[in-house]
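Written out below as structure tokens is the structure these notes cover.
The values are calculated or read from the model by the stated rules, or taken from the named source; none is laboratory data. No experiment lies behind these values; they were computed from the predicted model shown. Using ideal geometry, Cβ is built from the backbone for each residue, glycine included, and neighbour counts are taken over all protein chains shown.
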Amino acid sequence: MFDQLAIFTGAGQVLYQYNCNGRKFAESQIDAFINQLILSPVTKKDNVNGKYSVVNVTATDKKASRSFSSMFYLSRQPELYFVITYPEQSLELNKEAEATLDLALALWDSLEIDVQVTENIKDNNDILVDLDEDLNKFDEYLKVKYEESIKYIAKSITKDTDEPVVKDTASEKNNKKSNKNSVKNTTNKGGRKWGRDGMVEDTSNIDSSALDFSESSKGSATNTASNSNLENPIDKDDFGNRTDKGDFLIKEIDDLLSSNVENKKEQQVAEGSSSYLNSAFGFLQKNLLGNKTITDKDLKPALQSLRKKLISKNVAPEAADYLTDLVKKDLVGSKTESWTTVEDAARSSLTKALTQVLTPGVSVDLLHEIQKKTGVRTSDNKKNPYVFSVVGVNGVGKSTNLSKLAFWLLQNNFKVLIVACDTFRSGAVEQLRVHVENLAQLMDESHIRGSKNKRGKTGNDYVELFEAGYGGSDLVTKIAKQAIKYAGDEDFDIVLMDTAGRRHNDATLMSPLKSFAEQAKPDKIIMVGEALVGTDSVQQAKNFNDAFGRARDLDFFIISKCDTVGDMLGAMVNMVYATGIPILFVGVGQTYTDLRTLSVSWAVNTLMA
């Protein structure tokens with residue numbers, strides 16, 4: 001005996017439903033059929049007589065705890081689905097389903113229900129207008145005819161089609177027991193703990209040699225020593241590509257950090273399918289799977305879910321509220337497409353809103369802008385250097401990302417002067433000196449570390465460090481001015497000024513930035529933000545952007561440590577939302593080639609995964 005019959009339109013309007021066992025209609029079965037038909041369109045159709053199609057459906061929600069079969073007929077004019085579900089494929093059940101569909105279609109045609117449905121669609125009326133009497137007749141005739149002529153086919157079919165449970169034999173039990181013991185033996189219950197003295201004690205029972213992933217080749221030590229003094233190898237091919245005109249362009253970040261995104265997408269589809277199965281047929285009954293006018297009430301649960309998702313990805317609550325408001329304005333009053341739920345429409349709209357926020361509103365053609373300025377000399381025939389200033393809070397990686405930026409500029413044949421304007425932090429100048437030595441050696445393998453160039457400075461003909469020791473805020477501005485003049489005199493193309501890290505909520509530390517910008521007049525002020533910072537990034541971005549006064553703003557962001565946060569990229573959204581300033585690069589590691597231009601599609605897909 002088959003389970004039930006449902007008839008619904010392609011837009012999702014339910015016209016008829018019937019459970020032949022006299023039970024409550026099991027919506028979950030039709031949900032599963034809809035889900036499989038939409039997400040995995042039928043490619044293999046077992047034709048019974050060339051007219052109907054049979055689909056084996058895998059039910060994944062708790063209500064429909066087992067797989068079942070369905071036979072359906074798709075009417076094109078108007079588009080209607082006639083679907084019958086039954087426990088499993090067999091000759092008898094296939095014949096019963098086929099006979100029932102024959103009967104249903106014959107009755108449907110005899111009552112000319114299609115004519116009224118077509119008129120309602122043409123007149124933009126509710127599909128069910130003037131159909132009550134015909135549908136009641138259809139229900140009455142179908143049940144009588146089924147009882148009289150078809151039901152006998154199913155008498156030989158056992159109601160319970162589940163296979164009996166086979167008890168474990170003695171040998172199987174022993175095997176299971178031994179397997180459990182082997183699992184217990186390989187389980188590592190240890191770990192690490194910190195003692196009162198702050199020392200770490202390893203309490204695991206795992207062999208420490210298993211954790212050694214270093215290369216074991218005999219010549220590895222000598223090879224490392226002979227290659228260079230740099231700790232990390234540089235792969236320029238992985239860093240970027242050179243165009244036909246000779247410009248070296250940094251690659252976009254695409255699949256570099258997305259190894260787990262596909263897995264998360266698969267998990268999301270599975271979870272989405274389950275939740276969809278729980279509610280899909282209910283949506284059908286409410287006409288939410290197509291041509292549904294979306295209201296505030298319809299959208300509220302979807303927006304709450306999306307807001308929660310954004311916050312879980314480190315998007316600040318105020319930014320999440322802004323994005324969900326954009327979705328609300330976009331969707332309220334609009335109509336859903338066929339086979340599209342309100343949740344699907346909301347996700348699509350949020351994707352569009354995130355793309356809109358993260359896409360730069362101005363051209364970020366930085367390389368050509370630099371070439372244009374440096375190609376024109378001053379009135380006294382001196383170089384007109386392009387000046388960058390890098391700012392940010394303590395520990396975000398300003399010096400490291402400044403050095404990455406320098407390496408990219410060096411690949412474009414610019415002469416770079418790195419300026420130590422961090423005169424507060426102990427070791428800041430020494431840190432930049434190491435970076436300059438590394439960059440000089442990368443540009444010229446014959447460079448001897450620690451040696452001075454022809455001007456008596458750290459570096460060589462490609463990159464040089466300008467330093468003047470440590471001191472107060474007055475010294476910072478003085479160094480900046482001197483460095484820019486020195487760069488013009490010595491024919492440098494680029495001036496990269498490192499600055500001291502400062503707490504964004506300390507007005508005393510932030511106040512010198514305004515006078516620094518007014519006197520040094522950098523072409524670009526870049527703030528390095530940290531992907532790890534989370535929701536506090538909103539206030540950081542606002543405070544730094546406001547610190548330069550009304551006449552000057554930040555120009556770009558570099559988001560560092562993106563390789564440490566997985567899909568929790570909310571800091572990107574927060575900083576752009578708070579200021580409207582675009583993201584120029586993202587840092588993805590510790591080497592000089594671990595810099596990428598932002599791919600908006602990658603960031604949005606990662607956040608929505």
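Residue by residue, here is whether (1) more than 24 Å from Asp365 (Cα to Cα); (2) touching a residue at least 12 places away in the same chain (Cβ under 8 Å); (3) among the aliphatic types (A, V, I, L, M) holds:
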{"residue": "Gly529", "(1), (2), (3)": "no, yes, no"}
{"residue": "Ala541", "(1), (2), (3)": "no, yes, yes"}
{"residue": "Phe557", "(1), (2), (3)": "no, yes, no"}
{"residue": "Asp563", "(1), (2), (3)": "yes, yes, no"}
{"residue": "Gly570", "(1), (2), (3)": "yes, yes, no"}
{"residue": "Tyr577", "(1), (2), (3)": "no, yes, no"}
{"residue": "Ile581", "(1), (2), (3)": "no, yes, yes"}
{"residue": "Phe585", "(1), (2), (3)": "no, yes, no"}
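Please go through segment 430-449 and pick out each residue that is in a loop (DSSP other than H, G, I, E, B) and either touching a helix residue (DSSP H, G or I) at 6+ places or on another chain (Cβ under 7 Å) or of a type in the set (S, T, N, Q) (or both). Don't jump to the end; show me each part of the working.
Applying the first criterion (in a loop (DSSP other than H, G, I, E, B)) to segment 430-449 yields 444-449.
Scanning segment 430-449 gives Ser446, His447, Arg449.
Just give me the residues in segment 446-500 being touching an Asp or Glu at 6+ places or on another chain (Cβ under 7 Å) and aliphatic (A, V, I, L, M), in sequence order.
Ala500
So which residues in segment 12-31 are closer than 12 Å to Phe2 by Cβ, over 36 Å from the mean Cα position of the chain (by Cα) and of a type in the set (S, T, N, Q), if there are any at all?
Asn19, Asn21
When you scan segment 506-518, do you find a residue that is more than 19 Å from Lys373 (Cβ to Cβ), surrounded by 18 or more Cβ atoms within 10 Å (Cβ to Cβ) and of a type in the set (Val, Ile, Thr), even just one?
In the first step, residues of segment 506-518 are kept if they are more than 19 Å from Lys373 (Cβ to Cβ); the result is 506-516, 518.
Checking which are surrounded by 18 or more Cβ atoms within 10 Å (Cβ to Cβ) leaves us with 509-510, 512-513, 516.
Applying the additional criterion that residues be of a type in the set (Val, Ile, Thr) yields none.
Checked against the condition, which is being more than 19 Å from Lys373 (Cβ to Cβ), surrounded by 18 or more Cβ atoms within 10 Å (Cβ to Cβ) and of a type in the set (Val, Ile, Thr), segment 506-518 yields no hits at all.
Could you pull out the residue among Asn412, Asn401 that is under 22 Å from Thr579 (Cα atoms), surrounded by 14 or more Cβ atoms within 10 Å (Cβ to Cβ), in contact with a strand residue (DSSP E or B) (Cβ under 8 Å, 6 or more places away or on another chain) and not small (Gly, Ala, Ser)? Don't jump to the end; show me each part of the working.
Numbers: Asn412 fails: under 22 Å from Thr579 (Cα atoms).
None of the other options fit; the residue is Asn401.
Of the conditions (1) of a type in the set (S, T, N, Q); (2) surrounded by fewer than 19 Cβ atoms within 10 Å (Cβ to Cβ); (3) closer than 29 Å to Arg377 by Cβ, Thr499 clears all except one; give me its number.
Unmet condition: (2).
Give Pro522, Pro582 a once-over and let me know the one that is within 29 Å of Val476 (Cβ to Cβ) and under 23 Å from the mean Cα position of the chain (by Cα).
Working: Pro522 fails: under 23 Å from the mean Cα position of the chain (by Cα).
Result of the check over Pro522, Pro582: Pro582.
Residues that are at pLDDT 90 or above, closer than 19 Å to Ser399 by Cβ and among the aliphatic types (A, V, I, L, M): list the helices (runs of 4 or more DSSP H) wholly contained in segment 466-584 that include at least 3 such residues. Steps first, answer last, please.
Values: elements: 473-489, 507-510, 512-520, 537-547, 570-579.
Because the criterion is at least 3 residues that are at pLDDT 90 or above, closer than 19 Å to Ser399 by Cβ and among the aliphatic types (A, V, I, L, M), the helices (runs of 4 or more DSSP H) in segment 466-584 that meet it are 473-489.
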